[in-house]
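Asks: So that we are looking at the same thing, I have put the structure below in structure tokens.
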Amino acid sequence: MEIKTVGVVGAGQMGNGIAHVMALAGYDVLLNDIDQDALNAAVTRIDKNMARQVSRDLISEAEKSDALARIKSTLQLPDLGGTDLVIEAATEREEIKHKIFDALLPHLQPHTILTSNTSSISITRLASRTDRPERFMGFHFMNPVPLMKLVELIRGIATDEETYQTCHSIVDRLNKTAASAEDYPAFIVNRILIPMINEACYALYEGVGNVASIDNAMKLGANHPMGPLELGDFIGLDTCLAIMHVLHDGLADTKYRPCPLLTKYVEAGWLGRKTKRGFYDYRGETPVPTR
């Protein structure tokens, strides 16, 4: 199946990144959000990020202009019904995703493929609530989307081969690499990554080290480009906690128990970079550890 038009639900960090790479790859993109300010901010962010690519000679000024012209925005979710592929990139809460798909279904073309950028929620369960489980799959981009080369492709139990191959060909066209994952909690990347961040929270909680020593230990001792607590702030501590709950509930193993300190930070609204405070305080010129 040939994909020409792509609808993206959610204009946040992931949604605008997905719109960015899809438009550069030649797809016509319709970006949706419930907030006009979010849509305006997304287009501004895409323009800024593409300008950075131009300055680094990664794309030309003409490619930037053409890509931006391919991106349209709308507050009306049914407008996405005319696209060939929909990528849902809304908040990582299952009930919200179900509401989005329920609202989309009456307006979709028969051939439209539905996908979710979920980082942990069951694709089979999301698909089962739609009229096209065979044309539904997980399409999980990494953050930041324009820079990260991996896309996880997750088949639900009913996903057919044509849908998988179509999505795989899109990943190829984006010049990214597909990793095929089975539909188990958190898939591959977050099944390994988020428990590491949670364990770093436990090390902090139990006084094994402070924020700086834990992050420096992993950066300098394991050659990680970013420490686990810094990375948790970058991802969003609420997202990390949500994924830990998915792992704990889905696998019923105590090794996935969310750290109480992580829970406390989320309860305080200290979610990381996006709220200016998490394991680091970002309100000054340089980040300062909060513990």
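The values are calculated or read from the model by the stated rules, or taken from the named source; none is laboratory data. It should be emphasised that the depicted structure is a prediction, and the values quoted were computed from it without experimental measurement. Here the Cβ is made from the backbone with ideal geometry for all residues, glycine too, and neighbour counts use every protein chain on show.
Asks: Only one of these is touching a residue at least 24 places away in the same chain (Cβ under 8 Å) and part of a loop (DSSP other than H, G, I, E, B): A178, A200, A186, A212. Name it.
Replies: After ruling out the rest, the residue left standing is A186.
Asks: Within region 204-240, which residues are of a type in the set (A, V, I, L, M) and at pLDDT below 95?
Replies: I235
Asks: What number of residues within region 101-128 satisfy the criterion of being in contact with a Leu (Cβ under 7 Å, 6 or more places away or on another chain) and either surrounded by fewer than 21 Cβ atoms within 10 Å (Cβ to Cβ) or acidic (D, E) (or both)?
Replies: Looking only at that region, the number is 1.
Asks: Also, quick follow-up: Would you confirm, using the coordinates I've provided, whether K72 is in contact with a strand residue (DSSP E or B) (Cβ under 8 Å, 6 or more places away or on another chain) and at pLDDT 95 or above?
Replies: yes
Asks: Report yes if I113 is touching a Gly at 6+ places or on another chain (Cβ under 7 Å) and in the same structural domain as I46 (by TED's automatic domain parsing), otherwise no.
Replies: Here the answer is no, as I113 does not meet what is asked.
Asks: Check off (1) over 30 Å from L241 (Cβ atoms); (2) in a loop (DSSP other than H, G, I, E, B); (3) small (G, A, S) for A90 and give me the number that stays unchecked.
Replies: Tallying (1) over 30 Å from L241 (Cβ atoms); (2) in a loop (DSSP other than H, G, I, E, B); (3) small (G, A, S), A90 fails exactly one: (1).
Asks: Determine if region 39-62 includes at least one residue that is in contact with a Phe, Trp or Tyr (Cβ under 6 Å, 6 or more places away or on another chain) and buried (at least 18 other Cβ atoms within 10 Å of the Cβ).
Replies: Checking region 39-62: not a single residue is in contact with a Phe, Trp or Tyr (Cβ under 6 Å, 6 or more places away or on another chain) and buried (at least 18 other Cβ atoms within 10 Å of the Cβ).
Asks: Is it the case that some residue within region 255-274 is touching a Gly at 6+ places or on another chain (Cβ under 8 Å), under 18 Å from M142 (Cβ atoms), assigned by TED's automatic domain parsing to the domain that holds Y205 and part of a loop (DSSP other than H, G, I, E, B)?
Replies: No, the conditions are met nowhere in region 255-274.
Asks: Same structure again: Can you go through N175, N143 and tell me which one is modelled with pLDDT under 95 and either surrounded by fewer than 20 Cβ atoms within 10 Å (Cβ to Cβ) or among the acidic types (D, E) (or both)?
Replies: N143
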